[in-house]
Amino acid sequence: MKIASTIARYLLGLMFAVFGLNGFLNFIPQPPPANPLVMQFFVVVSTSHFSAFYFAVQLLGGVLLLSGYFVPLALALLAAELYNILAFHLTLAPASIAPALVASVLWILVFLQYRNNFAGLFTAKTPTGEKQTLI
């Protein structure tokens, strides 16, 4: 499982690093979207410069995964990115959801190796003060 998680970490890191860089350098040509709502969404996101923050987080998460340092931080950052990517594809472009699903599976494989680092997130305190762990 550790080997699969390491391979998934590198693939996920490479995926987010490349697409994060592409957001700044535009070296992967994109065909125009078929859905006019997608075009409006892209115009608003790029005009407001929100995309710069979005691509910066993708690039940072990808580089952290590739380097192997702060992997739990990278997973936390990329979880939010993956949520937004999945929400976009589910609502506006369902035909092109396959890469988002692949990235989600890779994220889960990496998360399984580092799940102990997230144990505190899944611990609830009862009114009496004792801890209950959900995982």
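Worth a mention:
- Packing order of peptides 114-124, 17-27, highest average first: 17-27, 114-124 (average count of other Cβ atoms within 10 Å over each peptide's residues).
- Peptides 100-111, 35-46, 83-94 ranked from most to least packed by the mean count of surrounding Cβ atoms within 10 Å: 100-111, 83-94, 35-46.
- Relative to the longest principal axis of the Cα atoms of the chain, the long axis of helix 71-91 lies at roughly 50 degrees.
- Rounded to the nearest 10 degrees, the inclination of helix 36-47 to the longest alpha-carbon principal axis of the chain is 80 degrees.
- Simple spin-label estimate for ALA4 and ILE97 gives 2.3 nm between the two label positions (7 Å along the Cα-to-Cβ direction from each Cα).
- Note on the range 33-108: the alpha carbon radius of gyration divided by the globular reference 2.2 N^0.38 Å gives 1.18.
- Taking one quarter of the surface of the convex hull spanned by the alpha-carbon atoms of the range 2-133 gives a direction-averaged projected area of 10.1 nm².
- Degrees, to the nearest 10: 50-67 long Cα axis against longest axis of the chain: 50 degrees
- In range of the label at LEU121: residues from the range 63-98 whose backbone nitrogen is under 13 Å from the point 7 Å along Cα→Cβ: 71-83
- Stretch gain in nm, segment ALA56-ALA34, where the contour uses 0.36 nm per residue and the Cα spacing is subtracted: 5.3 nm
- The separation of the range 82-113 from the range 1-51, counted between C-alpha centres, amounts to 11 Å.
Every number in this text was worked out from the coordinates using simple rules, so none of it is lab data. Just so it is clear, the model here is predicted, and its values are computed rather than measured. Cβ atoms come from the backbone with ideal geometry, glycine included; neighbour counts cover every protein chain shown.
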